[in-house]
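The values are calculated or read from the model by the stated rules, or taken from the named source; none is laboratory data. Source: prediction; values computed, not measured. Quick reminder, even Gly has a Cβ in these numbers, built from the backbone with ideal geometry, and neighbours come from all protein chains shown.
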Protein chains: 2
Amino acid sequence: MRLVVVGGVAAGTKAASRARRVDPGMEITVYQEEPEPSISECGLPYLLSGMVESRDRLIARTPEKFAEGDIEVKVRHRVEAIHPNTKTLSVRDTTTGEAFEDRYDRLVIATGARAVMPPIPGADLDGLFPLRFLTDSDRIMAYVRDRSPERAVIVGGGYIGLEVAENLCRIGMEVSLIEGADRVALAYGPEVSERVEAELERNGVHIFTGEKVEEFVGDGRVRAVRFGDGEVGADLVIFGVGVRPSVDLAREAGVEIGATGAIRTDRHMKTNLPDVWAAGDCIETVNLVSGEAAWVPLGDTANQMGRVAGTNAATGEDALDFPGVLGTGIFKVYDLGVGKTGLSEAEAEAAGHETVSAGIESRDRAGYYPGSQKVFLKLIADAETGRILGAESAGSGADKLTDICATAIWAGLSYPDLINIDLAYSPPFGPALSPVIQAATILSGKFEQAKEGVRATK
Amino acid sequence: MRLVVVGGVAAGTKAASRARRVDPGMEITVYQEEPEPSISECGLPYLLSGMVESRDRLIARTPEKFAEGDIEVKVRHRVEAIHPNTKTLSVRDTTTGEAFEDRYDRLVIATGARAVMPPIPGADLDGLFPLRFLTDSDRIMAYVRDRSPERAVIVGGGYIGLEVAENLCRIGMEVSLIEGADRVALAYGPEVSERVEAELERNGVHIFTGEKVEEFVGDGRVRAVRFGDGEVGADLVIFGVGVRPSVDLAREAGVEIGATGAIRTDRHMKTNLPDVWAAGDCIETVNLVSGEAAWVPLGDTANQMGRVAGTNAATGEDALDFPGVLGTGIFKVYDLGVGKTGLSEAEAEAAGHETVSAGIESRDRAGYYPGSQKVFLKLIADAETGRILGAESAGSGADKLTDICATAIWAGLSYPDLINIDLAYSPPFGPALSPVIQAATILSGKFEQAKEGVRATK
């Protein structure tokens, strides 16, 4: 039995490793176009500042290590076509340029996502980079070393753009961030965006919101970025926007693509083609809160999906399933953790919910305990049922609050369930009542008021 | 309508504040025997080292502040008897010695817990202290100032003893801790106890386990502590053992006492006496995992109970309820967070469960992210149903892992629910797969093996 995995980052290598555990006798080959497999892509921004001290730290496992586990990983190999009728693949060794055919009994597609450069005049100038692969960070770091850029512009205020802004600022660059919407971190509510902008500005990052980039200006090499209201000097531009699922290979083979533009699979990670599974950043899943298809290219989710795809591909059965996601995510800018799970107020309303929300500012430790810092938490509940639909947090300990709320939403809890929940308290770890309990209690008051309002008008 | 609250720490003051919010017209008096109300007792160990810089920081709200909110708080007043037939109280002003009668329409008993000195020869020597009230820490700090003790002995290796050991060590004392059982932190499994002992010993605390204190030796003032295998010099002894619910007043009034020795109430915090509620460290509740009565004297739980008792006493209705606890707790010794929720393996087995457990050592950040530290997590599941019964964690981020697991247990989740749970990942906040997901995945493997074992023997 021969398993081929196309793509060797999080989902692909996880699928291969799981398949090996489930079936020690299976033949397993992973094709990876980039020069290294098993990259921790989420660590790339931290490589730019040297917070992660070497690129090797981001390579979780080398091809040699995979070989020890009896998994063949062929890097610099591009799969150019999948032929489902003959269960064969056209592969090109990009080092030699040589093409060859391979065969599979079972196939896992884990082609990930790629950066798309926006169609803006001047986008072909030197000094403009996406940041998606380790090879991108190699190129950026070589450019920084050789050209000593002093002024960086980040295009896009999503989490990658925000992380890159911090990391370039840390190595002494003058950093500007340009975002087309009226605030950064759009997936969050405005209270969180404000805090993120304040934290970056406090640390010297210039933020331009509500500004569309119109042109990159330069003479071979980028010198400035022009947008609606002005222009800002730039020796280096990083794109934090324009990531899309890599699905051309799959689409051409007849794999069904969903409305999000990513591959559609069932809960078992099976595509519409026989003996073909898919996992990771190239597929769509379901947001369990909204019930809608969602494309969520994140490393942890890719890992979980890879485990399911690898197990099912190895057994040939629907052994495991992946139920979907909540849209949980987190990032950090300087000292501010920023986390989210479920739906924002805007997303909940777009999904047809009337919402009741409570936002509070609390602390990460007892107020009297040394080093106590602020943290914001907002809970969003369905006005009719009281079910928790989403939570957002910004500050110290935002990761803990996000994960508590993610677990609550995962379990389908409502706000009354969170009022008496037995969480862990001690002065070094929080206020006597967790911010989650505080926010749920305020939600409870709002629901009471709403009920009384209804009673009063009757 | 007149509400009297007996006891003015966490549960009592919370009950009074809630009653005031629910019924702005109610007359509310709180009697408190100690000189200050509204004390954060959990902060007392940190006062000894100066980590909390002044005793005033631990007073959340003074009587003057309560008066502004139209709540009368009478400190240094001891309620000596409750007369339920006449709905009156015998009260003594301990400053003047004067006794008087008061009356109530509704009563909340929140008499808390007290320290009991063990009946050991020499326990009446100078230099021996419990640590329960702010007045205890006042006495200890006066003793430290006046007598400059160099050698401290802590009796008892529960969380208070462990916290006190750290805090006395921090101010340069030679600290020994004596525990009768064969390890400290007995509420946890042995993997956690080992880590706690190692962390304290690394910081210079001498630990004697399996040693029963036989005598305090001295000449008016304590000079040594004698136990089975030896003797250790001591200029100061702190008891981290012997806390009991303060129920004499309630018992004499005819309030029913439960098997744990604490007051029995229903879910609405109602006692068996009409118009009498009780809350906080003086009452027992139910452990929702074991289903058994549990006495859990903790500040956060007292707060939650106080809210329920205050609301119900103000409305005279069963407006709110308190469902019970999971036994969640956390403490810190130096850099080691130590948290627990639900049952330990031993507790689960005592409650009649066969268990399957998975203990893992993981990290609090991605391995490549600077400052990444170790954290241990153990999940304990019911062998038959797979339901999560308990979790223990020790290390950096133990608070987050404990709270995720507490939420999962609160919601009745089983190990398969935790394998694909959508928690927040980013390199500064954890490994790509949360230790909770890692441990649940290992549990899953153990359940699979057990099933195969059963199949093989059939």
Practice item. Name the single residue, out of those in region A:86-143 being among the basic types (Lys, Arg) and over 25 Å from A:Met26 (Cβ atoms), that is modelled with the highest pLDDT. Key: A:Arg139
Exercise for review: Check whether at least one residue in region B:88-98 is in contact with a helix residue (DSSP H, G or I) (Cβ under 9 Å, 6 or more places away or on another chain) and either over 30 Å from B:Ala165 (Cα atoms) or of a type in the set (Phe, Trp, Tyr) (or both), and report yes or no.
Suggested key: no
Practice item. Among the numbered conditions (1) surrounded by fewer than 23 Cβ atoms within 10 Å (Cβ to Cβ); (2) modelled with pLDDT under 95, tell me where A:Arg2 comes up short. Key: (2)
Review point. Given the residues B:Val454, B:Val356, which is the only one that is out of contact with any helix residue (DSSP H, G or I) (no Cβ under 7 Å at 6 or more places or on another chain) and surrounded by fewer than 24 Cβ atoms within 10 Å (Cβ to Cβ)?
Key: B:Val454
Check your understanding: Can you name the number of the only condition in (1) over 30 Å from A:Ala348 (Cβ atoms); (2) within 27 Å of the chain's Cα centre (by Cα) that A:Gly220 fails?
Key -> (2)
Point to revise | Residue tally, condition part of a helix (DSSP H, G or I), touching a residue at least 40 places away in the same chain (Cβ under 8 Å) and either buried (at least 18 other Cβ atoms within 10 Å of the Cβ) or of a type in the set (A, V, I, L, M) (or both), over region A:159-181 | key: 10
Exercise for review: Run down B:Ile82, B:Ile59 and say which single residue is more than 12 Å from B:Gln32 (Cα to Cα) and crowded, with 19+ Cβ neighbours inside 10 Å.
Suggested key: B:Ile82
Review point. Do we find that B:Val22 is farther than 28 Å from B:Ile330 by Cα, within 14 Å of another protein chain (Cβ to nearest Cβ) and in contact (Cβ under 8 Å) with a residue 24 or more places away in the chain in this structure?
Key: yes
Practice item. Only residues in region B:209-229 that are outside the structural domain of B:Glu197 (by TED's automatic domain parsing) count as the first member; pair them with residues that are part of a strand (DSSP E or B), Cβ under 7 angstrom, at least 6 apart or cross-chain, and list the lot. Key: none
Point to revise | Where a residue in region B:45-57 is without any contact (Cβ under 8 Å) to a residue 40 or more places away in the chain and its partner, wherever it lies, is part of a helix (DSSP H, G or I), with Cβ under 6 Å and at least six apart | key: B:Val52/B:Gly43; B:Val52/B:Tyr46
Practice item. Please go through region A:306-332 and pick out each residue that is touching a strand residue (DSSP E or B) at 6+ places or on another chain (Cβ under 9 Å), more than 12 Å from A:Val286 (Cβ to Cβ) and of a type in the set (A, V, I, L, M, F, W, C). Key: A:Val308, A:Ala309, A:Ala313, A:Ala314, A:Ile330, A:Phe331
Revision key, fill the gap. Counted residues in region A:258-294 being within 14 Å of chain B (Cβ to nearest Cβ) and among the charged types (D, E, K, R) come to 2
Point to revise | Unique match (being within 19 Å of A:Thr301 (Cβ to Cβ) and facing chain B (nearest Cβ under 7 Å)) among A:Gly339, A:Gly327 | key: A:Gly339
Review point. Does any residue in region B:145-158 that is assigned by TED's automatic domain parsing to the domain that holds B:Leu200 come within less than 7 Å, Cβ to Cβ, of a residue that is of a type in the set (Val, Ile, Thr) and assigned to a helix (DSSP H, G or I) six or more places away or on a different chain, and which pairs are these?
Key: B:Ile154/B:Val164
Study note, to complete from the structure: Residue hits (region B:117-137; in a loop (DSSP other than H, G, I, E, B) and over 30 Å from B:Ala313 (Cα atoms)) are B:Met117, B:Pro118, B:Pro119, B:Ile120, B:Pro121, B:Gly122, B:Ala123, B:Asp124, B:Leu125, B:Gly127, B:Leu131
Review point. Is it true that some residue in region B:238-246 is outside any strand (DSSP E or B), modelled with pLDDT of 95 or more, under 19 Å from B:Tyr143 (Cβ atoms) and within 24 Å of the chain's Cα centre (by Cα)?
Key: no
Review point. Counting only residues that are of a type in the set (Asp, Glu) and within 12 Å of chain B (Cβ to nearest Cβ), which one in region A:295-322 is surrounded by the most Cβ atoms within 10 Å (Cβ to Cβ)?
Key: A:Asp300
Practice item. Answer with yes or no whether A:Trp277 is surrounded by fewer than 24 Cβ atoms within 10 Å (Cβ to Cβ), in the same structural domain as A:Arg103 (by TED's automatic domain parsing), among the aromatic types (Phe, Trp, Tyr) and modelled with pLDDT of 95 or more. Key: no
Study note, to complete from the structure: Restricting region B:29-56 to residues that are of a type in the set (S, T, N, Q) and surrounded by fewer than 21 Cβ atoms within 10 Å (Cβ to Cβ), the one nearest to B:Asn272 (Cα to Cα) turns out to be B:Thr29
